[in-house]
Amino acid sequence: MARRRSATTVDRLRRDVLAAITGAEARNRTHTEALVVGLRREVLQEIRAAEARSRAHTEAVAAQLREEIAAAEARSWAHTEAVAAQLREEIAAAEARSRAHTEAIAAELGRQIQAEGVQTRRHFEVVGEAQRSALEIVAEGVLTLDRKHDSFRAEVHEEFAKVDRRFLRLESRVLSPEERN
């Protein structure tokens, strides 16, 4: 009778240990999945914010350049009209000067637009690299968590095997050969 109670106690202990291990694995998996979801959400929010800032910056630069073009055009027209009103007989010469002035302004604006384009490209590259770095950090974190989870799981299985062997040894000592079958 004492042997049966001992076997029942061992079985109950085995079930309790298995339930505790299974619960720990489930909690660890749930926690890891929640961390990954949170990190993914944060990275996506950062990407969206960077895109919005970049778009706003581009729109501001475009508006500024449009204003500069309009101002340059206004200056050019004013200059042309003043010269034409004062020197009708020299229209050909005034036209040449006006064209040269306009082309110089257009060339300068072209250089400025190109410079802004280069700067904007660099800005996008920096932002992209920062996002790429952040994503790599998240990926490394996920890999680290996976490795820790795998290592933990292996340790748990090893320990479980040890406990199983101990239970078998205990059964062989406690139970008679007829009871073991």
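Ranking of Ser6, Ser76, Ser133 by neighbouring Cβ atoms within 10 Å, starting from the fewest: Ser133, Ser6, Ser76.
Cα centroids of the range 115-152 and the range 32-111: 33 Å apart.
Estimated at 0.36 nm per residue, the fully extended path between Arg99 and Ala70 surpasses their Cα-Cα distance by 8.8 nm.
Once the gyration tensor of the Cα atoms in the range 2-180 is diagonalised, the equivalent ellipsoid follows with semi-axes of 85, 13, 6 Å, ordered largest first. Compared with the dominant principal axis of the Cα atoms in the chain, helix 91-174 is inclined by about 0°.
Across the range 27-40, computed HN-Hα scalar couplings (Karplus, 6.51 cos²θ - 1.76 cosθ + 1.60, θ = phi - 60°) run 5, 5, 5, 4, 4, 4, 5, 5, 4, 4, 4, x, 5, 4 Hz from first to last residue, x flagging Gly and Pro.
Modelled spin-label separation between Val61 and Arg166, with each label point placed 7 Å from Cα along the Cα-to-Cβ direction: 6.8 nm. Dividing the mean sequence gap of close Cα pairs (under 8 Å, 6+ apart) by how many residues the chain holds gives a relative contact order of 36 percent.
Taking the charge dipole of the chain about its Cα centre, with +1 at Lys and Arg Cβ atoms and -1 at Asp and Glu Cβ atoms, the residue from Leu13, Ala154, Gly110 reaching farthest to the positive side is Leu13.
If R0 is 22 Å, the Cβ-Cβ spacing of Ser133 and Val36 corresponds to a FRET efficiency of close to 0.75.
Counted residue by residue at 0.36 nm each, then reduced by the alpha carbon distance between them, the extension gain from Arg121 to Ala19 reaches 31.0 nm.
The residues packed around Ala130, meaning those with a beta-carbon under 13 Å from its beta-carbon, carry a net charge of -2 if Lys and Arg are +1 and Asp and Glu are -1. At an R0 of 25 angstrom, the distance between the Cβ atoms of Lys148 and Ala26 translates into a FRET efficiency of 0.95.
A full extension of the chain between Ala106 and Glu90 corresponds to an added length of 3.3 nm, given 0.36 nm per residue minus the alpha carbon distance. Calculated mean residue ellipticity at 222 nm for the chain: -36000 deg cm²/dmol, from DSSP H runs with n ≥ 4 weighted as -39500 (n - 2.57), summed, divided by the residue count and rounded to 500.
Just so you know, all these numbers are worked out from the coordinates, no wet-lab data involved. Computed from a prediction, not measured in an experiment: that's the story for all the values here. In this analysis, Cβ positions are derived from the backbone assuming ideal geometry, glycine residues included, and neighbour counts consider all displayed protein chains.
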